[in-house]
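A quick write-up on the structure given underneath.
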Amino acid sequence: MLKMLEKSLRKSLPESLKVYGTVFHMNQGNPFKLKALVDKWPDFNTVVVRPQEQEMTDDLDHYTNTYQIYSKDPEKCQEFLGSPEVINWKQHLQIQSSQSSLDKVIENLVAINFGKVKHTRCILYMMHETARKLFPSLVDAKNLPPNDGVPTSINQEMFQISSLDVTHAAVVNKFWHFGGNERSQRFIECCIRAFPSFCLLGPEGNPVSWTLMDQTGELRMAGTIPEYRGQALVTHIIRVQVYFLGKLGFPMYSHVDRANYIMQKLNLSTHSISMPCDWNQWNCVPL
C-alpha cells in the first residue's frame with residue numbers, strides 16, 4: 001500500500017513533494033518509524049504522515065510532533081484533519097506541506113482547538129538530478145545546462161570529508177536556525193542516526209561544515225562554524241551530499257528562507273530548481 005501511495009503522490013509533484021519524500025523513505029526501511037493515514041483508500045483525497053503514537057509522548061516537543069500533509073482538495077480536508085486520531089491538536093506541533101493553500105484550513109482548526117499558529121513560507125528547491133527524473137518538463141522549461149555534479153575543490157590537507165556522529169549534534173544544533181534547545185538536539189541526533197550525513201572535519205578533527213537530512217528526506221541544517229566561513233565549505237559539502245545521494249536514487253530537495261540570499265545563490269550554482277509552490281511550516285501551540 002505504501003508503494004502504491006508513493007506512486008500516486010509522484011503524479012502530484014511538486015505540490016506533494018514534502019509527503020512524497022517522506023513516503024519514499026518509509027519504503028526504504030522507515031528509519032523514523034512513521035505512519036501514513038489517508039481519508040479513504042485507494043482513491044484518497046488527503047494524506048497525513050506522522051510518527052507512531054508511542055513516539056509522541058512529549059506534548060511540548062514539536063520537532064517530534066510533526067505532520068506532513070498533502071491534499072488533492074485542501075478545501076475539503078478540514079474534517080479529516082480535525083479528527084484527534086489524525087492530529088493531536090492538544091500538543092505543541094508543527095505541520096509541513098508544499099501547499100500554501102492549506103493555510104486557511106489549518107488556521108480554522110487551530111482556532112477551533114483554542115490555539116495559536118505561526119506560518120513560515122520559504123522557497124522550495126528541487127535538486128537538478130531529482131527534477132530531471134521526477135519533473136523533467138520543469139527542467140526543460142528552465143533551459144539549464146547539464147550539471148556535472150562534481151564537488152568543488154578544497155584544501156584536502158586541511159579538511160577531511162566524513163559523516164556526522166551523534167556527538168556532533170550539539171554543534172549542528174547551535175547553528176541551526178530552528179534549533180538551539182534540548183528538544184531540537186534530540187531531533188538532530190535522530191536524524192544523524194537514521195540518514196546519511198556529511199561533514200568536513202577541520203585540522204582539530206571536529207566538524208567545521210556539515211549537512212544532513214530530516215525525516216522527510218529533505219536536505220537540511222547545513223552550516224559552517226563562523227571561523228571557517230567565506231571559504232565555500234558548505235557549497236562543497238552540499239555538492240558531496242547531492243553527488244552521493246543522487247547515486248542512491250534519493251529524491252533531493254531543500255528550502256531556503258526568502259531573505260537568505262547566500263543560500264539562494266548556492267542553489268543556483270548547483271542548478272537546483274525553484275519550485276512553483278512553497279515550503280510551508282505551521283507551528284501550532286494550544287493556549
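Results, tabulated for the structure shown:
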quantity: Hydrodynamic radius (Kirkwood) for segment 182-287, which is based on Cα pairs only, to one decimal in Å; calculated: 15.2 Å
quantity: Spin-label pair residue 170/residue 7, simplified geometry with 7 Å Cα→Cβ offset, distance in nm; calculated: 4.9 nm
quantity: Accessible surface, per residue, of segment 1-129 when the full set of protein chains is kept, probe 1.4 Å, Å²; calculated: 47 Å²
quantity: Principal axis dimensions, largest first and in whole angstrom, of the chain by Cα; calculated: 58, 44, 35
quantity: Projected label distance in nm at residue 116 and residue 157, using a 7 Å step from Cα toward the beta-carbon; calculated: 5.6 nm
quantity: Accessible-area order (highest first, 1.4 angstrom probe) of the listed residues 187, 80; calculated: 80, 187
quantity: Ranked packing of 195-202, 253-260, most packed first, by mean Cβ within 10 Å; calculated: 195-202, 253-260
quantity: Greater than 20 Å apart at Cα, pairs in 40/72; 72/116; 18/265; 7/35; 3/76; calculated: 72/116; 18/265; 3/76
quantity: Neighbour-limited loop hits for GluC sites (Glu not before Pro), segment 32-105 (at most 14 other Cβ within 10 Å; DSSP other than H, G, I, E, B); calculated: 85
quantity: Extension gain from residue 33 to residue 104, taking 0.36 nm per residue of separation minus the Cα-Cα distance; calculated: 22.6 nm
quantity: C-alpha long axis of helix 182-194 to longest principal axis of the chain, angle in °; calculated: 70 degrees
quantity: Carbon + sulfur, % of accessible area of the chain - ligands and nucleic acids excluded, 1.4 Å; calculated: 52 percent
quantity: Rounded to whole Å, sorted largest first: equivalent-ellipsoid semi-axes of segment 67-137, Cα gyration tensor; calculated: 28, 13, 11
quantity: Rounded accessible area per residue of segment 146-287, 1.4 Å, Å²; calculated: 47 Å²
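The values are calculated or read from the model by the stated rules, or taken from the named source; none is laboratory data. What you are looking at is a predicted structure, and each value in this text was computed from that prediction instead of being measured. Ideal geometry is used to build each Cβ from the backbone, glycine not excepted, and the neighbour counts take in all protein chains shown. Only protein heavy atoms, including side chains, enter the accessible area calculation; ligands, DNA and RNA are left aside. Shrake-Rupley method; radii C 1.70, N 1.55, O 1.52, S 1.80 Å.
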